[in-house]
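The structure appears right after this line, and notes come after that.
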Amino acid sequence: MITDSLWTAFGPSPLTQEDFEYFAGKIKKLSGISMKQAKLDLIKTRLTQRLREHSYKNFSDYRNYLETLPDTHEEWQEFINILTTNKTDFFREPDHFHFLIQYILPKWLKEDKTTFHIWSAAASTGEEAYTLAMILKHYLPPGRDFKIIGTDIDTKVLKTAENAVYSLSKLHEIPDLYRDECLDIGEREAKGWFRIKAHLKEKVTFVPHNLIEASFVDDKGAPKIFDLILCRNVLIYFDKKTTELIAHKLYEHTIDQGFLFIGHSESFQGCTHSWLNHNSSIYQKAKRA
Ligand SMILES: C[S@@+](CC[C@H](N)C(=O)[O-])C[C@H]1O[C@@H](n2cnc3c(N)ncnc32)[C@H](O)[C@@H]1O
């Protein structure tokens, strides 16, 4: 252990190849995130923060500490939180939301169903889930309702999502059409912030969930079934085998003829799966014969 001032003066020693492989192997096993050699600097920068918090001088000391911990130790959650990449925006990749408004909603409105269930499956700080809530609140007629679940492996971002308070610097991401209906703009001590209105917030629940672990189940242990799943900008971190596993899992969680959106730069190419594709980032579950 060293003092904080010494730590700041010298910083950590270099990350050895052996330690890099240990950390990369661990994050792959815990989350599915694949960190190849090119990510060495990213691992180094992110873990430096954790070393500082523990006052470890070397990556090897932190590794030795991790090696003593049981799988259930809370440090593993910190390790995951620090290595995930959480960039997100309101109304990100808007083509998906146009497809929802122009194609999916008219289809849903022909059905008798009163409540539609949507899953934001790598929700990060919540912008994607609240974008869906704003759109559904605006476009669904009286008598039709919706519930949104946002999940993420990173427990820290989920706290921000639950708070539903965002910096005014993000306001420009939200079209004017939705602002009065969906947002409270902060005044006095809340100046510089806005929050999602309570009537929308209550439609969205956030819970931790790891996409590579067991199915996402209800109280009776049955897989939760959704009309629409968004699993966007997370598959890029996985290898083909993990992506294929997730494609199968998400299929299990989708209602017949339900939809899946993946990120614009992601693909199921090279994976075996049962989805029908509308285009490279919009998929639909087949109608049961
Ligand atoms: C770049 S953000 C994408 C957020 C949002 N879906 C979007 O498109 O803007 C990726 C998120 O995936 C989460 N993630 C990474 N691995 C995961 C896993 N195995 N299970 C669940 N979430 C995971 C990260 O914590 C991060 O918040």
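The values are calculated or read from the model by the stated rules, or taken from the named source; none is laboratory data. Since the structure is predicted, the reported quantities are computational estimates derived from the model, not experimental observations. Virtual Cβ from ideal backbone geometry, glycine too; neighbours counted across all protein chains shown.
Quick rundown of the values:
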| item | result |
| --- | --- |
| Filtered residues of segment 23-50 (kept if buried (at least 18 other Cβ atoms within 10 Å of the Cβ) and touching a residue at least 40 places away in the same chain (Cβ under 8 Å)) | 23, 26, 27, 30, 31, 32, 33, 35, 43 |
| Scan of segment 160-183 for residues that are surrounded by 16 or more Cβ atoms within 10 Å (Cβ to Cβ) and over 20 Å from the mean Cα position of the chain (by Cα), ordered by number | 178, 182, 183 |
| When residues of segment 76-93 are limited to those that are within 14 Å of residue 43 (Cα to Cα) and touching a residue at least 40 places away in the same chain (Cβ under 8 Å), the one farthest from the ligand (Cβ to nearest atom) | 79 |
| Cβ pairs under 6 Å, 6+ apart, first in segment 122-138 and farther than 14 Å from residue 203 by Cα and among the β-branched types (Val, Ile, Thr), second more than 9 Å from the ligand (Cβ to nearest atom) and modelled with pLDDT of 95 or more | 125/160; 125/161 |
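Residues checked against (1) in the same structural domain as residue 151 (by TED's automatic domain parsing); (2) under 21 Å from the mean Cα position of the chain (by Cα); (3) buried (at least 18 other Cβ atoms within 10 Å of the Cβ); (4) more than 24 Å from residue 91 (Cβ to Cβ):
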site: 188; (1), (2), (3), (4): yes, no, no, yes
site: 224; (1), (2), (3), (4): yes, yes, no, yes
site: 229; (1), (2), (3), (4): yes, yes, yes, no
site: 234; (1), (2), (3), (4): yes, yes, yes, no
